[in-house]
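Take a look at the structure set out below.
The values are calculated or read from the model by the stated rules, or taken from the named source; none is laboratory data. Predicted model only: the values in this text are computed from it and were never measured. Every residue, glycine among them, receives a Cβ derived from its backbone with ideal geometry; neighbour counts consider all protein chains shown.
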2 protein chains.
Amino acid sequence: MSSSTTRTNRRIVLASRPKGTVTPENFRLEDAPVAPLADGEFLVRNLYLSLDPYMRGRMDDAKSYAKPVAVGEVMGGGTVGEVVESRHPSYAAGDRVLGPLGWQLFAATSGAGVRKLESADVPLTAWLGVVGMPGVTAWHGLNRILEPKAGETLCVSAASGAVGSVVGQLAKAAGCRVVGIAGGEQKCRIVRDEYGFDACIDYKAGRVDEELAAATPDGVHMLFENVGGALMDAVLARMNTFGRVAVCGLIAGYNGEDIALRRVRSILVNRLKIQGFIVGDHPQDWPIALKELGERVVDGSLKYRETIANGLENAPRAFIGLLGGSNVGKQLVKLD
Amino acid sequence: MSSSTTRTNRRIVLASRPKGTVTPENFRLEDAPVAPLADGEFLVRNLYLSLDPYMRGRMDDAKSYAKPVAVGEVMGGGTVGEVVESRHPSYAAGDRVLGPLGWQLFAATSGAGVRKLESADVPLTAWLGVVGMPGVTAWHGLNRILEPKAGETLCVSAASGAVGSVVGQLAKAAGCRVVGIAGGEQKCRIVRDEYGFDACIDYKAGRVDEELAAATPDGVHMLFENVGGALMDAVLARMNTFGRVAVCGLIAGYNGEDIALRRVRSILVNRLKIQGFIVGDHPQDWPIALKELGERVVDGSLKYRETIANGLENAPRAFIGLLGGSNVGKQLVKLD
């Protein structure tokens with residue numbers, strides 16, 4: 001116990017709620033002593049922090065699918081780390097864990113939401129991405145909502161991202177034609193060449209409708225939506241009868257922008273099923289999905305990329321970049 | 001055979017496609033001789049014609065869920081009538097039938113899509129409404145998509161209409177709280193007093209958001225949407241987590257108006273399921289639904305209203321009125 005009292009935690013708290021776009025001033029870096037462990041707790045030194053679009057919603061006070069972070073509270077987030085001290089019967093120093101331990105170097109926990117990482121074959125950072133929440137999100141939306149059939153065409157927006165890249169690769173493995181939408185030719189090249197999508201449309205090039213029509217000669221059977229707004233409208237116009245839409249994210253509107261849908265008629269004309277979902281609602285899927293994702297990462301059939309910022313102090317900038325689309329693949333912060 | 005050659009048919013054809021709002025000039029009344037029956041055909045004298053919002057879509061050339069009517073072709077539509085002559089083994093003069101026999105006094109048919117009306121307990125006109133396509137539409141959307149549970153709250157727009165009034169009454173029978181939206185205090189009074197809804201909001205009174213909040217203290221679990229646009233947005237803002245939305249019609253946009261949805265975020269935040277549907281896709285439900293609806297009409301537990309125009313020549317005006325909401329309940333035309 002004496003050792004923990006000498007440790008200093010470093011953490012990032014929500015300093016103020018954003019008015020529209022997130023700025024560095026919405027965050028504050030703090031040092032604070034690590035309190036002694038209570039019985040039944042263990043202390044984790046976080047090694048990597050995951051940055052995810054859902055965190056934007058938690059910075060607002062409005063109703064969203066995640067509870068708001070209070071002003072002055074540590075920003076929430078998934079981490080992988082190592083147990084450095086334990087008064088918990090199931091955890092010992094040296095154990096590697098995945099948990100919701102926030103934007104900070106140290107976290108004391110009773111183990112709620114924490115998993116011990118048993119497989120050494122899966123790289124540590126992958127537990128925050130392709131074999132973690134984003135990967136399970138992709139798996140659930142694809143398999144439980146879109147239910148792909150070989151020969152069908154799937155579109156996915158934010159195709160180079162942590163979720164979109166997995167959606168597309170799993171759909172390819174299921175025998176689908178897969179068309180991604182991403183911002184910039186660099187991302188599109190990765191989506192096609194590394195992830196093996198059949199096509200990728202650079203929405204920044206400004207010819208989305210024409211390119212989408214050319215890339216989906218048989219129309220679109222499934223849409224995995226991460227963005228919303230005009231890009232979603234563009235795909236709605238290409239949907240086939242009895243098409244399915246999984247709404248995973250609406251990042252286009254996370255800063256308060258208008259994300260109105262205009263091609264609403266397609267819902268009726270094409271008898272679409274549109275389903276919003278949050279992966280946390282479906283705990284029963286996690287073990288099934290993580291097993292498949294882990295195996296595919298280990299055998300090399302599931303590719304992924306990471307963008308890693310260095311140092312907790314750079315987390316706000318990396319997060320703002322993520323919201324603007326400057327990352328490629330999973331955005332992480334290495335906590336040195 | 002000789003008798004049919006002496007008969008004159010009177011019919012309404014599509015004279016031109018509407019530019020936005022439908023006008024009387026889009027229709028033309030014609031007289032034409034009734035051709036002799038071929039072997040395997042029978043001739044029906046239509047007694048009542050059903051007018052339905054879906055017909056608006058068929059007047060356009062754009063892709064919709066129903067094939068466009070060609071310019072110069074008889075307007076399609078459901079009718080009830082009586083067989084006056086037959087060269088078909090299963091039909092005889094005097095049989096009463098329901099069929100897709102169009103805006104005309106006489107129709108020769110081989111029987112495709114035609115049903116003989118066996119039950120004399122159900123009033124003839126009800127086969128076009130509450131115990132017909134609109135009733136089955138209500139039944140399917142409610143039972144197959146919304147899946148009501150006792151104690152839940154359902155909202156339905158166009159609540160006094162042929163579909164909406166049945167949706168609400170069936171949901172009440174399932175133990176739900178039912179809130180309608182309709183245009184005008186007269187319609188709202190009927191919805192509350194005759195159909196037994198818990199509340200009805202007059203959207204023309206202009207306080208939809210406030211009244212909806214007051215009428216749905218536990219939020220909205222299910223939305224049966226017939227209108228779209230701003231009214232749909234108003235309900236989306238009240239949806240509960242895991243809410244369900246059946247999209248049956250988007251009449252607000254049938255004349256080409258903008259029916260953009262603005263509260264798209266609700267799909268994700270509340271993990272909504274939104275399902276567009278067309279009752280013609282689900283033939284397996286018709287016998288089940290028609291049996292329940294017929295029994296409820298006969299035992300008096302399912303109420304309905306009809307607005308009946310007199311004479312084929314008045315069908316265009318009645319149809320234009322229907323699109324503008326001037327009817328109460330099922331809009332029919334008596335074909336004298």
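Figures for the structure shown
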item	result
Of all residues in segment B:212-224 being surrounded by fewer than 20 Cβ atoms within 10 Å (Cβ to Cβ) and in contact (Cβ under 8 Å) with a residue 40 or more places away in the chain, the one that is farthest from the other protein chains (Cβ to nearest Cβ)	B:Asp218
Evaluation of A:Gly57 against (1) at pLDDT 95 or above; (2) closer than 23 Å to A:Lys330 by Cα; (3) surrounded by 18 or more Cβ atoms within 10 Å (Cβ to Cβ) (one fails), failing number	(1)
The lone exception for A:Leu117 - which of (1) at pLDDT below 95; (2) buried (at least 23 other Cβ atoms within 10 Å of the Cβ); (3) in contact with a strand residue (DSSP E or B) (Cβ under 7 Å, 6 or more places away or on another chain) it fails	(2)
Hey, A:Val333 outside any loop (DSSP other than H, G, I, E, B), away from every other protein chain (no Cβ under 14 Å), of a type in the set (Val, Ile, Thr) and under 16 Å from the mean Cα position of the chain (by Cα) or not	yes
When residues of segment B:259-317 are limited to those that are assigned to a loop (DSSP other than H, G, I, E, B), more than 14 Å from chain A (Cβ to nearest Cβ) and surrounded by fewer than 18 Cβ atoms within 10 Å (Cβ to Cβ), the one nearest to the chain's Cα centre (by Cα)	B:Lys303
Scope segment A:55-83; condition of a type in the set (A, V, I, L, M) and outside any strand (DSSP E or B); matching residues	A:Met55, A:Met59, A:Ala62, A:Ala66, A:Val69, A:Ala70, A:Val71, A:Met75
Any hit, segment B:84-92, residues being under 19 Å from the mean Cα position of the chain (by Cα) and in a loop (DSSP other than H, G, I, E, B)	no
Long-range neighbours under 7 Å by Cβ, at least six apart or interchain, first residue free of Cβ contacts under 8 Å to residues at least 40 places away in the same chain within segment A:142-154, second surrounded by fewer than 24 Cβ atoms within 10 Å (Cβ to Cβ) and not in a strand (DSSP E or B)	A:Ala150/A:Ala174; A:Ala150/A:Gly175; A:Ala150/A:Cys176; A:Gly151/A:Gly175
Hits in segment B:305-321 - residues which are in contact with an Asp or Glu (Cβ under 9 Å, 6 or more places away or on another chain) and farther than 20 Å from B:Asp336 by Cβ	B:Arg305
Matching option when the condition is closer than 19 Å to A:Pro134 by Cβ and at the interface with another protein chain (Cβ under 8 Å from one of its Cβ atoms), among A:Val247, A:Val227	A:Val247
Within segment B:21-34, tally of residues that are β-branched (Val, Ile, Thr), at pLDDT 95 or above and surrounded by fewer than 18 Cβ atoms within 10 Å (Cβ to Cβ)	1
For B:Ala173: the one exception among (1) farther than 29 Å from B:Ile12 by Cβ; (2) in contact with a Lys or Arg (Cβ under 6 Å, 6 or more places away or on another chain); (3) surrounded by fewer than 17 Cβ atoms within 10 Å (Cβ to Cβ)	(2)
For A:Leu322: the one exception among (1) touching a helix residue (DSSP H, G or I) at 6+ places or on another chain (Cβ under 8 Å); (2) under 29 Å from A:Asp209 (Cβ atoms); (3) touching a residue at least 24 places away in the same chain (Cβ under 8 Å); (4) surrounded by 19 or more Cβ atoms within 10 Å (Cβ to Cβ)	(1)
Qualifying positions in segment B:281-309 - without any contact (Cβ under 8 Å) to a residue 24 or more places away in the chain and either small (Gly, Ala, Ser) or closer than 21 Å to B:Gly243 by Cα (or both)	B:Gly300
Members of segment A:35-54 found to be modelled with pLDDT of 95 or more and in a loop (DSSP other than H, G, I, E, B), listed by number	A:Leu37, A:Ala38, A:Asp39, A:Gly40, A:Glu41, A:Leu51
Hey, B:Gly256 surrounded by fewer than 19 Cβ atoms within 10 Å (Cβ to Cβ), on the phi > 0 side of the Ramachandran plot, of a type in the set (Gly, Ala, Ser) and more than 15 Å from the chain's Cα centre (by Cα) or not	yes
Pairs where the first residue, in segment B:99-114, is assigned by TED's automatic domain parsing to the domain that holds B:Thr8 and at pLDDT 95 or above and the second is surrounded by fewer than 22 Cβ atoms within 10 Å (Cβ to Cβ) and of a type in the set (S, T, N, Q), C-beta under 6 Å, 6+ apart	B:Gln104/B:Asn9; B:Leu105/B:Asn9; B:Phe106/B:Asn9
Segment A:26-52 - residue that is of a type outside the set (Ser, Thr, Tyr) and in contact with a Gly (Cβ under 6 Å, 6 or more places away or on another chain) and, of those, nearest to the other protein chains (Cβ to nearest Cβ)	A:Leu49
Matching strands (runs of 3 or more DSSP E) fully within segment A:144-257 where at least 3 residues are over 25 Å from A:Glu306 (Cα atoms) and touching a strand residue (DSSP E or B) at 6+ places or on another chain (Cβ under 6 Å)	A:220-225, A:239-247
Test: residue in segment A:1-20 that is part of a loop (DSSP other than H, G, I, E, B), of a type in the set (A, V, I, L, M), surrounded by fewer than 14 Cβ atoms within 10 Å (Cβ to Cβ) and at pLDDT below 95	yes
In segment A:231-244, the residues that are more than 9 Å from chain B (Cβ to nearest Cβ), farther than 16 Å from B:Ala260 by Cβ and surrounded by fewer than 20 Cβ atoms within 10 Å (Cβ to Cβ)	A:Asn240
Total residues in segment A:77-95, condition crowded, with 18+ Cβ neighbours inside 10 Å and within 22 Å of A:Leu290 (Cβ to Cβ)	8
